1. Report yes if some residue within region 9-27 is over 13 Å from the mean Cα position of the chain (by Cα), touching a residue at least 60 places away in the same chain (Cβ under 8 Å), surrounded by 11 or more Cβ atoms within 10 Å (Cβ to Cβ) and within 16 Å of residue 111 (Cα to Cα); otherwise report no.
2. Just the residues that are loosely packed, with under 14 Cβ neighbours inside 10 Å and farther than 24 Å from residue 130 by Cα, please, taken from region 53-69.
């Protein structure tokens, strides 16, 4: 069973996105959709492809509830809560992450999914110093 990041990190998610995993033919994952708990990185559309941020997705079901099973694949498209892992980077992202901002889930050089910010959650009030 997936342990929610909210419990592990002691705060709520920073923002939410809608996402669509790319097909292998479109440069996506060769092994299909991942499982809950994947720690893919994030990049912003239009930035240098070498720039990655530790912003992890946590996938939701079609009702917007957190998927707790980690032994079945997540949907090809849907919504995810996003977590900025390095608290000290959060202020850097304040002006970059807005509703409508587009980006990618990244697994190394693979652009596994395209996404768009649909909601700002606790981005501006979560801790900015690592504990």
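1. Scanning region 9-27 turns up at least one residue that is over 13 Å from the mean Cα position of the chain (by Cα), touching a residue at least 60 places away in the same chain (Cβ under 8 Å), surrounded by 11 or more Cβ atoms within 10 Å (Cβ to Cβ) and within 16 Å of residue 111 (Cα to Cα).
2. Residues satisfying the conditions are 62, 63, 64, 65, 68, 69.
Bear in mind these aren't lab numbers, they're just calculated from the coordinates by the rules spelled out. Computed from a predicted structure; not experimentally measured. Every residue, glycine as well, gets a Cβ built from its backbone with ideal geometry; the counts of neighbours run over all protein chains shown.
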